[in-house]
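Read through the structure below, which is laid out as structure tokens, and then see the notes.
Nothing in this text is a laboratory measurement; each read-out follows from the coordinates by a stated rule. Bear in mind the structure is a predicted one, so any value in this text is a computation, not a measurement. Cβ coordinates were reconstructed from backbone atoms using ideal geometry, including for glycine residues, and neighbour counts include every protein chain displayed.
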Amino acid sequence: MAREVVVETRNLTKTYRDFWGRQKKVALRALNLEIYQGEVFGLLGPNGSGKTTSIKLLLGLLFPTEGEAMVFGQPAADVKKNERIGYLPEESYLYRFLNAEETLDFYGRLFNMTPEVREKRAQELIEMVGLKRDRKRILKEYSKGMRQRIGLAQALINDPDLVILDEPTSGLDPLGARWMKNLILSLKKRQKTVLMCSHRLEDVQDVCDRIAILNEGELQALGEVSTLLQDINRLELRASGVQINETLRRELEEVLRRHGGEVDSIGHPTTTLEDYFLKIVEESKARPGRRYLPEIPGAGAPPTPPANLPQDAIREKQ
């Protein structure tokens, strides 16, 4: 059964220009993406790669130079769709002289929630983010980690269907980071869609189903984390119920069966997301113009290049 597409971009391009209208920087070039309901999607890239621009385009805070962005089947410029979105920016610009309860009450009013619903949601979220003891303290007195927690609470005040998180574990200690990741996974269990950006690649590897890597505004890699991190040049064998010895090493599966062992899994071992990320960025620098082109449903296959063209050049031409 086809999965519901929550976020879709087609040839999404954003060019910044100077006062005279001259091209200053191409922040995003021809981005094609689909994000499905109930998945945790990671958007990765070095500083200046186009991540923040992509988020602002999806929220309708910027308008594309070319292409289009759709959220819940509506144009991203339609602000009505933002009623179903929760957004946690990297730096939460919250009112410093309000306490946690007043902050959530304020954001609840923006969604026209009734006083009873605002009160109920605020108390639930304060409990969920672990700020019950500090709910009466003004945010000016909060640590960065505490501000991150109340920022997440305000992003969830409207019970959104799409949650956009920019550096969600920033400022959190290891226990807080684990708590944040568990919360993201709990949102996934509730069929919420999560789009997250993070420089902590181990966090992305822990919670994301699929990732996209941007560099210099161009899509360099896209796919499932488990698939992208496979090292296809090596094979890994795991077994249980038997002690390793030289005979087992030579005979592999047959010897395992003779010794009463059982193969648990055979597959390709994975590298780390950090190593894969650095590899993709270095390759994109070494081959300017190289770009990952996902298949567009209904668009047909790209034209077949000449047979004598090298594989790297084929990919660049496409």
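Evaluated at 37 °C with a viscosity of 0.692 mPa s, what Stokes-Einstein diffusion coefficient in µm²/s does the chain have when Rh comes from the Kirkwood expression over alpha-carbon pairs? The diffusion coefficient I find is 148 µm²/s.
For the listed residue pairs Lys24/Lys51; Lys51/Lys189; Lys25/Lys285; Lys24/Lys56; Lys25/Lys81, the alpha carbons are over 21 angstrom apart in Lys51/Lys189; Lys25/Lys81. DSSP beta bridges in the chain, what fraction antiparallel, as a percent rounded to 5? In the chain, approximately 65 percent of DSSP beta bridges are antiparallel ones. Counting neighbouring beta carbons within 10 Å and listing from fewest to most, the residues Ile85, Ile138, Ile296, Ile157 come out as Ile296, Ile138, Ile85, Ile157. Largest GNM mean-square fluctuation among Val79, Val225, Val129, using the chain with Cα springs under 10 Å: Val79.
Show that you can apply the helix-only estimate: for the chain, add -39,500 (n - 2.57) for every DSSP H stretch of four or more residues, divide by all residues, and state [θ] at 222 nm to the nearest 500. List each step's numbers first, then the result.
Values: 11 runs with 106 residues, N = 318.
Theoretical 222 nm ellipticity from helices: -9500 deg cm²/dmol.
Normalising the average separation of contacting C-alpha pairs (under 8 angstrom, six or more residues apart) by the number of residues puts the relative contact order of the chain at 19 percent. Placing a label point 7 Å from the Cα of Arg178 along the Cα-to-Cβ direction, the residues of region 136-161 with a backbone N closer than 19 Å are 145-146, 149.
Fewest Cβ neighbours within 10 Å first, please rank Trp20, Trp179 accordingly.
On the way: Trp20 6, Trp179 17.
Ascending Cβ contact count within 10 Å gives the list Trp20, Trp179.
With the simple spin-label model, which puts each label point 7 Å out from Cα in the Cβ direction, the Gln23 to Asn47 separation comes to 2.5 nm. When the Cα centres of region 22-90 and region 186-245 are compared, how far apart do they sit, in Å? Taking the Cα centre of each part, region 22-90 and region 186-245 sit 22 Å apart. If R0 equals 22 Å, the separation of the Cβ atoms of Lys189 and Val117 corresponds to a calculated FRET efficiency of about 0.45.
Considering only region 60-204, what is the antiparallel percent among its DSSP beta bridges, to the nearest 5?
On the way: 3 of 12 bridges.
For region 60-204, the DSSP antiparallel bridge percentage is about 25.
One decimal place: the segment Glu102-Glu68 gains 8.5 nm when fully extended, by the rule 0.36 nm per residue minus the C-alpha distance. As a proxy for reagent exposure, Cys208, Cys197 were ordered by neighbouring Cβ count within 10 angstrom, fewest first; the result is Cys197, Cys208. Among Leu31, Leu62, Leu104, the residue with the largest mean-square fluctuation in a Gaussian network model of the chain, with springs joining Cα atoms closer than 10 Å, is Leu62.
Distance between the modelled labels on Leu237 and Leu278, one decimal in nanometres: 3.2 nm (7 Å Cα→Cβ projection).
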